[in-house]
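Report on one structure; see the data block that follows.
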Amino acid sequence: MADATHHSSASSSSSARAPTSSGALIEARNVFRLYPGARDTAPVLQDVSLALPEGKFIVIMGPSGSGKSTLLHLLCGLDLPSSGQIFLAGQELTAMDDEARTQLRRAWVGFVFQFYNLVPNLTVGENLALPLLLQGITDPRKDPRYEEIARLFGLQDKLGRRPHELSGGEMQRTSIARAVIHQPRAVFADEPTGNLSTKAGLEVMEHLKKAVDLLHRTVVLVTHNPRDARFADELHFLKDGRIDPAWSLRGGPLDEHRIHARLEELGI
Amino acid sequence: MNIASMLAWRSLASRPARSFTAALGIAVGIATVVSVQVVDHNTILTQQLKSQVAVLGHPDVEIKPHATGLPDGGAAPAELAGDRDLAVFCGLFYGHAERVVAAPPPGATPAESDGAERHGVDLTTLALGPLAASAFGAYSISEGRDFAAADARELLLPERLAAELGLAIGDSVTLQSVVPVREGCRDGKVVRLKPSGPQATPGAPLAFTLVGLLGPGNVGSQPVAVLPFESAAQLYAGVPVQPTWWGRLADGAVWQDLAQRLKERYVVEKPKGAMIGERIDQKAFRKSLGITSCLALLLGLFVIYNAFSMALVERVREIGLLRALGLTRGEIARAVLLEGLLLAIGGALLGGMLSVALVGLMNLLNITTLGANKPLQILEVPWPTVLGVTALGMLFALFGMASPLLRARHLSVLEALRAGRLALRADPGFSLRVGLLLGTPLMIPLVFALVTPPLGERQSQVQGLILMLAGVVAAFFLLLLAVPGLIHRLVGAVLWPLRLALPIEARLAAAAVRGARQRVLGTLTGLAVVVAAVFVVRAVNDGFLDEIDRFSQRAAGGRLFVRTRALPRDEALRLLSLPEVARVDCLSAEVLVPFPLRGLRAASLQAEAARLRLSDAALADFARGESLLLSNFLAEQMGWRSGDLVTVPTFSGPQEFRIAAISDELGYWPDDRRFALVEMGRLDELFCVDDSQGRHFILTLKPGSDGRALERELAARLPDSPDRQIRSAETLTDFYLADGRRDFYVFDVILWSTAALAAIGLLNSLTIALLERQREIGLLRTLGLTARQIGRMLMAEALALGVVGGVLAALLAAPVSKLVLDAVRVISRLDLRYWFTPARFAAPLLAAIAIALLAAWWPARRGGRVAEGALNRHE
């Protein structure tokens, strides 16, 4: 498969552009996130700044309630910060309207959720084809990426099945395949192994690693599981809504002991 | 397949039960309205066919002077020109004329003398005022032109007649009026009524130019030569003709008011053709049917709305996911609308099939929109109406389907992805329900205006009742909305005693109701309104039946009615005089003036004097032929009271009679309530009609006689004939009561299908509850609650909803029934009464419970199964 950065209408629909630090694909600048009606409580995210490079497996770790999912939702444009800026491929998400962010997600973003979130009424093949249909491809099954991705993720013989007929691992594989089929710039994964057995979880992580190594996608994953964090090229730690670049680990794959040591050091 | 079609199709296919329920809701709504419209259309066509009405034009009223003759020169009568209720009017009269053709000149060839053979051809002429075509649609010109003026010497001919007479536009026709010779009655003798004196001299021949030909339809289908009114008045000067004035009523005017005002000199009537289905009671009946069927359509919308609220519960996460994947709000809207459109089309097709079945069933059972037992002779489809109703139904359905899901597209992606729990805390249909509830009382006066024609002097009285009705309904809904805790407290109170038998299930059901007040409010109001509507209509039906019963007792009690072949009076008396019979009266002597005027012997009235509380002086007046007895209905309709003078047109000119009494206790045959009685000798003297021979006889029985036994005895005694009927008061009462019940079958069909829709709505509501509570039920199952207990919990909730819905329905139905019956009494002038009985409270209650339990059966069965593993599948 060609390592093509699939530029679609999202690039032309951006309302603001700004250079990112050192060519990062995703960047957060001084991001705060408060939830409405929670004035007396501390912000979920406090002055988070982060630059994530392209083509890497990036993991953000933190304990439950640390704001991991909130940060992920902000980075991919599903949510907006209370203040601060978010950039994706040089386009400022925080300056776009909902329609523009939707178009950008459609073209440049893939998602993997903890609870799979396959469309229950559609077959595995139709779920897989969904992002291609959204790209305006009228017959996605004839698109070479359809067959290639199905083969790569071992779904060839399951394309006609409905989601409820699959195991958890198979559903998550389908979800990853759907997240990468349209060649997005970044794939965001929210605790993708949280609902799976150890074996199925490992298999899912290997598939996500494939997306980086074979398909040259950028994967941003949030987890509280050090086993998943081993796959990271870059590992960031989120504690009490803050990220400190000094806490980060780089140069993966990472050793699990090193991760545990940093967690202990941070008191997580 | 694009993404919108794929999502729409998959959504429909993956939930066949929900899709079918929604389509069924649309189908039942559409089918009910369409079938009522189709049957109504064919009912009117059939009645028109049966009455063989040849319609000349389309006036609101026909005004006929008691006296013959035209006003001076054909001028408009001053009373009509100045009447406030007449917007426009136009005169017409028939006449007979002879066509005068000059003798052929001497030496003419046979071809040239051809016209001479037509000398003396008789023509029927119709004189029409200048507004006949433009305001009353009397004719259309197919060739040539219309009259230039009311006094132009011009002529119009139907195409066919012009061809028969060999006339073309521009031809001149000379006409000579002919004095008609009629049969009439003078002093009890049938005579030829050729007028004498100056009124009987035909005028000079006049020449008319043929200026236009008439296309078929109305006057164009009649074999008449049409003349301008004033020219015709000159042609018929000196000849007695009987004019009629067509009138168009002013806005809000009522023809009965006009009739009362002009009754001294004119008879005012609705045209016979226009009266079919347009009598005030018929019109109210037909319009009520239309409105009731629209209620079914609205209920269909409610069902669809509920079905799709259920879909929203199921699909809110899916919508969030699609938004996360990059579907725009517009694309989601397109998918939703496409799904709605597919369902609406499916529902419309199913509705078409159901309509065919319903119309077939109603035809089979002889149910029409003018009551039962009036079989349709024509069955055609009024396509514009059918297509219009179907399109409206589809539009309603599309709105009902799209509204909840379009709301969902505004959810934030994250809210939706969090399993939609946030979204479900607010009931998506609440604002619509509040709108419907508050809109209903406001709609009542509007619906009333649609149901009833203008009522003239009674308008304000009925409007007062309708406003009270709207007030009662508004108070009912406002109470429910203003006291939101009322419903769940009532439901909790019903569930309280159930705790003895079902301790866990009843508690859980009460908790579920507490947690979903808006859903419960919407469901209960829907159920209560439908059940109340059913029982209001039943109360109106009971009111009519009670009136029929009381009228029958009053008019027919202690009597026996016989219809036989024509029998000489003596022979009839011989055959009918049995020991149990006190008196035999013949009521066959009848003329139309225009109400039925029947002859009654003074001796017969003498025998009834005590019952009718008639004074000796009144009896003497009647015996002298100077007074009339009127039925209540005729007196009510014409606004006549005892002692008033009534003018009756006779062969000897208008005659005045004083009203001696108003009563229904004489002359009940066959079922016409609108009649008058005059002394038999006087009827004979004025109209040459007597009772020397008759077909209709009333037998007054001695006290204690067995009417049914006598019926059998007379059946053996009287000569057989095809139309022979012998009916005791009991048989007649039974017959008319059964007829009254049959008349309301059509309402039953509609209302019970509406109740079925309410049940489907309740089913949807309970299913929504089930889906909302999957996690909770899953937890309960994990803790050890059996599937059967889950089912019982849902049944307990349904029972409580049914009881409270039934109580609300009964509380709403009682005052509404009373007010509706009061309004119908004022409109119909029938003595309708409402009375409250325990059965009238219990019936809605039991109906609501039955509907609720039936609706809950399927969700209760499904409840346990759905919950299994729910905890594993969701956060």
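Tabulated data for the structure shown
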read-out	value
Average other protein chain Cβ within 10 Å of Cβ, residues B:11-17	2
Among B:639, B:593, B:722 - extreme Cα towards positive end, dipole of segment B:558-730, charges at beta-carbon	B:722
Within 10 Å of each Cβ in A:72-85, the average number of Cβ atoms from other chains	1
Accessible-area value, residue B:858, 1.4 Å probe, nucleic acids and ligands omitted, Å²	100
Inverse of mean 1/r across different Cα pairs in segment A:128-181, Kirkwood, Å	11.2
In sequence order, calculated HN-Hα J values of segment B:17-26 (Karplus, 6.51, -1.76, 1.60; Hz; x Gly/Pro)	5, 5, 4, 5, 4, 5, 5, 5, x, 5
Vicinal HN-Hα couplings computed from phi for segment A:88-99 (Karplus, 6.51 cos²θ - 1.76 cosθ + 1.60; Hz; Gly/Pro x)	10, 6, x, 9, 7, 5, 6, 9, 9, 7, 4, 4
Within straight-line cross-link reach of residue B:374, aspartates and glutamates at Cα separation under 13 Å, skipping those fewer than 8 residues along the same chain	B:40, B:739, B:743
Mean separation of Cα contacts under 8 Å, 6 or more apart, over the residue count of segment B:572-730: relative contact order %	32
Sorted peptide list for A:76-88, B:828-840, criterion being average Cβ within 10 angstrom, highest first	A:76-88, B:828-840
Straight-distance crosslink candidates among lysines, where the alpha carbon sits under 17 Å from residue B:270 and sequence neighbours closer than 8 are dropped	B:64, B:283
Number of partner chain Cβ atoms within 10 Å, mean per residue of A:119-127	5
GNM result for chain A, Cα springs below 10 Å: residue of A:105, A:141, A:230 fluctuating most strongly	A:141
Percentage relative contact order, segment B:484-550, counting C-alpha pairs under 8 Å, at least six apart	29
Unit charges on C-beta of K, R, D, E only; dipole of segment B:558-730, Debye	320
Ordering of B:22-30, B:229-237 by burial proxy (mean other Cβ atoms within 10 Å per residue, highest first)	B:22-30, B:229-237
Percentage of interatomic Cα-Cα distances in segment B:558-730 larger than 23 Å	39
Distance violations [Cα-Cα > 25 Å] among B:50/B:189; B:263/B:818; A:142/A:210; A:158/A:210	B:50/B:189; B:263/B:818
Highest average packing first - B:504-510, A:125-131, Cβ atoms within 10 Å	A:125-131, B:504-510
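The values are calculated or read from the model by the stated rules, or taken from the named source; none is laboratory data. What you see is a predicted model, and the numbers here were worked out from it, not measured in a lab. Note that we place each Cβ from the backbone using ideal geometry, even for glycine, and neighbour counts take in every protein chain shown. Ligands, DNA and RNA are stripped out before the accessible areas are found, and what is left, the full protein with its side chains, is counted by its heavy atoms. Shrake-Rupley method; radii C 1.70, N 1.55, O 1.52, S 1.80 Å.
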